[in-house]
Amino acid sequence: MRMRNLLFAWILALCLASVFVGTTDVMASEQKNLILATTTSTQDTGLLDVLNPIFEKKTGFFVKTIAVGSGQAMAMGAKGEADVLLVHSPAAEKKFMSEGNGVNRMLVMHNDFIIVGPPSDPAGIKGMKSASEAFKQIAAKGAVFMSRGDNSGTNAKEKDVWKAAGINPEGQIWYQQTGLGMGQTLNVSAEKKTYTLADRGTYLSLKKNLGMDILVEGDKVLLNIYHVIEVNPAKWSKVNTHGAKAFAEFMVSKEVQDIISTFGVDKYGSPLFFPDAGKPEFE
Amino acid sequence: MSSDTILQVSSLRVSRGGTPVLDIPEFSVAKGEFLSIIGPNGTGKSTLLLSLAGLVKRQGGTLLFKGKVVDNGTELLAFRRRLAMVFQEPLLFDSTVYDNVAAGLKIRGIKRDWVRPVIEENLALFGIAHLASRSACKISGGEAQRTSLARAFATDPELIFLDEPFASLDPPTKEAIIEDLGRVMRARHTTAIMATHDRMDALRLSRRIAVMDGGRIVQIGTPSEVMHHPVNETVAVFVGMETMLAGEVRGSSCGVLEVGINHQSIYATGAFSTGDQVICFIRPESVMVFPSGYAADSSARNVFPGTVKKIQPIGLLFRVQIDCSFVLSAHVTQQAMEDLHIEVGMEVVAAFKATAVHVIKNTHLSSP
Amino acid sequence: MDLILEGIKKAIWLLITLDPEVLGITWLSLKVSGLATFISLFIGISTGTLVALTRFPGRRIVVSLINTGMGVPPVVVGLFVSIFLWRNGPFGMLELLYTPTAIIIAQAVIATPIVAGISLASIQKLPEALRLQILALGATRIQMIWMLIKEARLPLLAAVMAGFGGVISEVGASIMVGGNIKGYTRVLTTATVMETGRGNFDVAIALGVILLFFTFCINAILTSIQQRERPR
């Protein structure tokens, strides 16, 4: 009987402890944390590893970079679980803005997508000028194509090209989906010797280990455009508006744009991104 | 209750899962005595022991220690600190023999330095001083039980409870430990209550024996009383009365009874009247076996010729069952078996004294 | 193949030269998983012991819950902890999501049922009469519980080691609630996944070797505990 009393006393203590923890207002001070939802390509290239420390030193905000892919980043923003987004999926972004989920969408930089594949090039698309034609060729030859299949910016672009080619690849045996980030999808693609669509930046940073060649590039439709979007504070009161605004302005500032223009040159011979702040939109 | 009683319990009732397991209206233990509780397995011996030690919840009854009621938490704890208990398994802790023996004192918060002479004394008393720094995992069964006893006595208990303490020991180890235990208890005048199914141990160690059956104490008395004058069949069977004969008293004079068993008569002693339905018990040690035709001497009132029906070796003796129109069970030594060439089917004569027959009233409606 | 060999060579180099990033990730892993295990030690051992020693209505259900808890997939724990810590979730105002604290919470939730379950079994495995023997020696209830815990100290240590092993090798929940933020919530497991994805096999292998080392140490301790005897 005494044992039971002890047990109940213990359970009570645990409950009280959790209630105490739950109701303590830990951070009454101004929000220091900034949640940046972005894509795997910006993280995998290492660009943010360079920019974030500068931003933190300058403003005192602590940036929590959550790299998930444009689709998921916007989903987080729509739920108010992120403060600012750095994404590259223009059509989805426009929808995001029109639904009132974001404010102050600004152009930051671009790079381009490339179609890469095994040096043996079974579908014979090397050197083609049109991305959609290349895709048509891949489909016709039934050559294996690896898609990210994760609603990321890259995935969205890929779907656009398939649409332009008039082909629906879903369900075809040569069309495979990884559901993974860009770097991982490139690794899988290299391992299995398949074709895939990648952004140049990630491709260059992984190039030495991949053993894949750039087969199609330069088509205008393959431009990969990055925007920064602040999550709408009117919709979500808990958003760190000051931090989001500071970050957005930071990304389009001259200092950062200069850094972007030279990022990757020493390592890969050419820059991974091209700064575009202030320029008119591409479409 | 006399001033000599150290422990007393009245109206003790214990149930487990709704089923009653103990029902003891009255029971007391005198200071300094050695009392054994015997009975077949499952009859509640251990439960009674644990209830007396205040270790088992009781559904009714009062426990008095030295005249004072032991009821709530503080009283119970104080009571427990005046007693000690040793189980069939030594139940030692995972540390050295020394630390095990010191456990009771450590619990009472006594400083380590003061404890040392007491521990050393108790280790020596039980012959394990040389094992003091040995790990308890690395000693033999006998040494472990000695440690358990030393641990129990280190706290200088007034009352010690023993639950089948020798059941797991081999005979020579058991004998040696009993000797040491006896010496310590005599020196310290400790009261002991022991539960055992070994009636030989109960016989030779106890001042009193309590026989249990079905959660009740059916007889309590000196070893001689219990062994030779069991109060009912169950006790009789348990204490080793192997021959049980139902019959009717045909005549009684000067305390000598003639009891009719089948178409024969046996002579017994007891206070019964003609016509009483009785059961006669005879200890196998009291039945003497002679070769056929042998004229037994006149001291044995009961002489019956019969045929050897069954021979069963039991340890160093033989149980010989003889059919004299009723079955008599006798214990015969190996030597006698050889001298008399006893075999199954042989004609023999069985004889026993009238005083060796223990008679109780037959409570059954039909004969056993 | 030479990719892997290159990777191994570089990994050894990183380890020998005590590369600061690798060290930082290792230290963070130890701190986070260590603290989570510490918390689970207290809650797990006390809960397991008390449930083992107490009879109360519904005890069977509680024991089942603990055993079920041992088998819950860590990612599911991660999912529920995230939901609780989201800004718009019940504890959102604590701003704990994507912090080391969040990982500690998730790992503590994962480890506690493991520690509780094994503690429960260890205490129950002690001889039934030992509890009575301790009480007969004059112990109070608290003293008895403490002495039983001491008697079962080795299996309980195994329980804690099992809890630690479970959380230091966990990756799903750690990514979900931690966010794998560089220098902040990037631990051995999450970093290994990321570096492999990026193609940095040298770093990934180095981190993997460290994880293997921990696994080995834990198992060495567990094995030596297993082989020991108990007193009579």
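Nothing in this text is a laboratory measurement; each read-out follows from the coordinates by a stated rule. Keep in mind it's a predicted model, so treat the numbers as computed, not measured. For neighbour counting, all protein chains shown are included, and Cβ atoms are generated from backbone atoms with ideal geometry for every residue, glycine included.
Pairs A:Lys94/A:Lys129; A:Lys64/A:Lys267; B:Lys66/B:Lys111; A:Lys58/A:Lys245: which exceed 18 Å Cα-Cα? Long pairs (Cα-Cα over 18 Å): A:Lys94/A:Lys129; A:Lys64/A:Lys267; B:Lys66/B:Lys111. Rounded to the nearest 10 degrees, the angle from helix A:200-210 to the longest Cα principal axis of chain A is 80 degrees. Computed from the Cα positions only, the extents of the protein assembly as shown along the three principal axes stand at 138, 59, 53 Å, in decreasing order. Report, in whole Å, the centroid distance computed from the Cα atoms of the stretch C:94-152 and the stretch A:164-178. So the two Cα centres are separated by 55 Å.
Once the C-beta distance of B:Val69 and A:Ala13 is scaled by a Förster radius of 30 Å, the resulting FRET efficiency is 0.30 to the nearest 0.05. Any idea how far the Cα center of the stretch A:215-263 sits from the one of the stretch B:214-261, in Å? Comparing the Cα centres of the stretch A:215-263 and the stretch B:214-261, I get a distance of 105 Å. Neighbour counts of C-beta atoms inside 10 Å place A:Thr45, C:Thr196, C:Thr140, B:Thr74 in the sequence B:Thr74, C:Thr140, C:Thr196, A:Thr45, starting with the fewest. Mean partner shielding of peptide C:10-18, defined as the number of other chain Cβ atoms within 10 Å of each residue Cβ, is 0. Computed from phi, the 3J(HN,Hα) profile of the stretch A:251-265 under the Karplus parametrisation 6.51, -1.76, 1.60 (θ = phi - 60°) reads 5, 9, 6, 4, 4, 6, 4, 5, 4, 4, 5, 10, 5, x, 5 Hz, with x in place of Gly and Pro. For a paramagnetic label modelled at 7 Å from the Cα of B:Asn41 toward its Cβ, which residues of the stretch B:149-171 fall within the zone defined by backbone nitrogen distances under 19 Å? The answer is B:163-171, whose backbone nitrogens lie closer than 19 Å to the label point. Calculated FRET efficiency, B:Ser135 to C:Gln227, Cβ-Cβ distance, R0 = 22 Å: about 0.90 to the nearest 0.05. Directionally averaged projected area (the stretch A:165-283, Cα convex hull): 11.0 nm². Within the protein assembly as shown, DSSP assigns beta bridges of which about 75% are antiparallel (rounded to the nearest 5).
Mean residue ellipticity at 222 nm, helices only, chain A: -13500 deg cm²/dmol; runs of at least 4 DSSP H residues each add -39,500 (n - 2.57), and the sum is divided by the number of residues. Under 26 Å of direct C-alpha separation, and excluding same-chain neighbours fewer than eight residues apart, B:Lys361 reaches these lysines: B:Lys353.
Taking every Cα-Cα distance in the stretch B:5-237 and sorting them into 5 Å bins from zero, the calculated P(r) comes out as 1, 6, 14, 18, 19, 16, 13, 8, 4, 1, 0, 0 percent. Only aspartates and glutamates eight or more places from C:Lys125 in sequence, or on another chain, were considered; those with a Cα closer than 20 Å are B:Glu89, B:Asp94, C:Glu151, C:Glu229.
Charge tally for B:Phe272 (other residues, Cβ to Cβ under 13 Å; Lys, Arg +1; Asp, Glu -1): -1.
For the protein assembly as shown, build the charge dipole from Cβ charges (+1 Lys, Arg; -1 Asp, Glu) around the Cα centre, then report which of B:Ser265, C:Leu50, B:Ala330 sits farthest towards its positive end. Farthest towards the positive end: C:Leu50.
Cβ-to-Cβ counts within 10 Å put A:Ile173, C:Ile66 in ascending order as A:Ile173, C:Ile66, the fewest first. Extending 7 Å from the Cα toward the beta-carbon at both A:Lys58 and B:Arg216 defines two label points whose distance is 9.7 nm.
In this rough spin-label picture, where each label sits 7 Å from Cα along the Cβ direction, the B:Gln334-C:Arg55 distance is 4.9 nm. Taking only Cα atoms, what is the 0 to 90° angle, nearest 10, from helix A:47-59's long axis to the longest principal axis of chain A? The answer is roughly 40 degrees.
Each of A:Ile54, B:Ile217, A:Ile167 was scored by other Cβ atoms within 10 Å of its Cβ. Listed from fewest to most, they are A:Ile54, A:Ile167, B:Ile217.
Over what distance in Å are the Cα centres of the stretch B:22-52 and the stretch A:182-209 separated? Using only Cα atoms, the two centres lie 83 Å from each other.
The mean number of partner chain beta-carbon atoms within 10 angstrom of a residue's beta-carbon across peptide B:82-93 is 5. In this simple spin-label model, placing a label point 7 Å from the Cα along the Cα-to-Cβ direction at both B:Ser224 and B:Ala167 gives a separation of 3.1 nm. Could you tell me the calculated FRET efficiency between B:Asp198 and B:Gln312, based on Cβ-Cβ distance and R0 = 25 angstrom, to the nearest 0.05? Efficiency computed from Cβ-Cβ geometry: 0.80.
Peptide B:168-180 has a mean shielding of 0, counted as Cβ atoms of other protein chains within 10 Å of each residue's Cβ. My understanding is that a pair violates if its Cα-Cα distance is over 22 Å; which of A:Lys254/C:Lys182; A:Lys238/C:Lys31; B:Lys138/C:Lys150; A:Lys79/A:Lys279; A:Lys126/A:Lys192 do that in this structure? Going by Cα-Cα distance, A:Lys254/C:Lys182; A:Lys238/C:Lys31; A:Lys79/A:Lys279 fall outside the 22 Å limit.
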